[in-house]
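The values are calculated or read from the model by the stated rules, or taken from the named source; none is laboratory data. Keep in mind the model is a prediction, meaning the values are calculated, not measured. Positions of Cβ are generated from backbone atoms using ideal geometry, with glycine treated the same way; all protein chains shown enter the neighbour counts.
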């Protein structure tokens, strides 16, 4: 039996990244998040996990010696703003946490680092200064690094979700790392992903609805804590949902029942709504994974999460590299 690798996960949220890494053969030494609801979700699903509810900037790893020299430090950081928002005051918190995660590498000295964020952080010239800072810090500590972008839909997630990724490893293991390749040949459409759940309460038109929901979902976005109730995104995203027969203006409390009459209208207000549990399916959380809190808090946790299949693929690629020296 192969020994499991240890990891520290910061900005853990609802545990999407941690769940995926667990599936890839990693065991968490410590998980960190500053939101009480996220910590409750983590402990509801994995009561034995060591969960610390604290701000990343205030976290002192010396107080948790089990985190030092761990195999992997992972972080599904809050999304940095789009390129157009760089320099605005509302982007400062996200960049502050990114900086804190890099400084944490100094203290923990993991064999590998995994950061997940917006594709713009990898691709946009607006973030060149941020990338230069990250690379200089990591090179100083003896890491080599790889920036790349993945689409969650290429890993079986029924959602168009491009993710910016940074993987860094100590020199000894970097040669054996390669970014994960897609695990599915065709993307999973919304209808196929949600057909069974739509029919769960006897809705007779669930199959017909699923047959016309032939595209993958737009990117789920959790929004900020200062935002209003849960919806599925901005105007362009809502139009994409409407083309699949979904009212994206709000979330339903339950799926349609046997008595529901489907109007088959072009008016989004008359279309079906998805539930929080269905949003979790579109993010590819395991069916048994419970997201705690009220509806809006649940949806925000889901929308902010890294889809577990992406975490699993990244974890498997990193584990292959870290175990490469065992055979040398």
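Before moving on, here are some points about what is shown:
- Yes/no for residue 233 being within 20 Å of the chain's Cα centre (by Cα) and at pLDDT below 95: yes
- Scanning segment 20-38 for residues being out of contact with any strand residue (DSSP E or B) (no Cβ under 7 Å at 6 or more places or on another chain) and within 25 Å of residue 58 (Cα to Cα) gives a total of 3.
- Of all residues in segment 69-96, those satisfying the criterion of being within 30 Å of residue 323 (Cβ to Cβ) and at pLDDT below 95 are 69, 76, 77.
- Strands (runs of 3 or more DSSP E) completely within segment 13-124 that count 1 or more residues being under 22 Å from residue 136 (Cβ atoms): 72-76, 112-117
- Among the residues of segment 2-34, the one identified as farther than 20 Å from residue 108 by Cβ and more than 16 Å from the chain's Cα centre (by Cα) is 2.
- From 157, 130, 134, 167, residue being in a loop (DSSP other than H, G, I, E, B) and either touching a helix residue (DSSP H, G or I) at 6+ places or on another chain (Cβ under 7 Å) or over 19 Å from residue 179 (Cβ atoms) (or both): 157
- Positions within segment 200-216 being under 17 Å from residue 273 (Cβ atoms) and either under 24 Å from the mean Cα position of the chain (by Cα) or without any contact (Cβ under 8 Å) to a residue 24 or more places away in the chain (or both), in sequence order: 210, 213
- Of the residues 280, 269, the single one that is over 15 Å from the mean Cα position of the chain (by Cα), outside any loop (DSSP other than H, G, I, E, B) and without any contact (Cβ under 8 Å) to a residue 24 or more places away in the chain is 269.
- Between 258, 252, 269, the distinction of being touching a strand residue (DSSP E or B) at 6+ places or on another chain (Cβ under 6 Å) and more than 30 Å from residue 41 (Cα to Cα) belongs to 258 only.
- When segment 295-311 is filtered for residues that are buried (at least 24 other Cβ atoms within 10 Å of the Cβ) and either over 9 Å from residue 14 (Cβ atoms) or out of contact with any helix residue (DSSP H, G or I) (no Cβ under 7 Å at 6 or more places or on another chain) (or both), the ones remaining, listed by number, are 299, 300, 306, 307, 308, 310, 311.
- Identity of the residue in segment 137-154, in contact with a helix residue (DSSP H, G or I) (Cβ under 7 Å, 6 or more places away or on another chain) and touching a residue at least 40 places away in the same chain (Cβ under 8 Å), that ends up surrounded by the most Cβ atoms within 10 Å (Cβ to Cβ): 152
- Among all residues of segment 36-51, there is none that is outside the structural domain of residue 281 (by TED's automatic domain parsing) and farther than 24 Å from residue 288 by Cβ.
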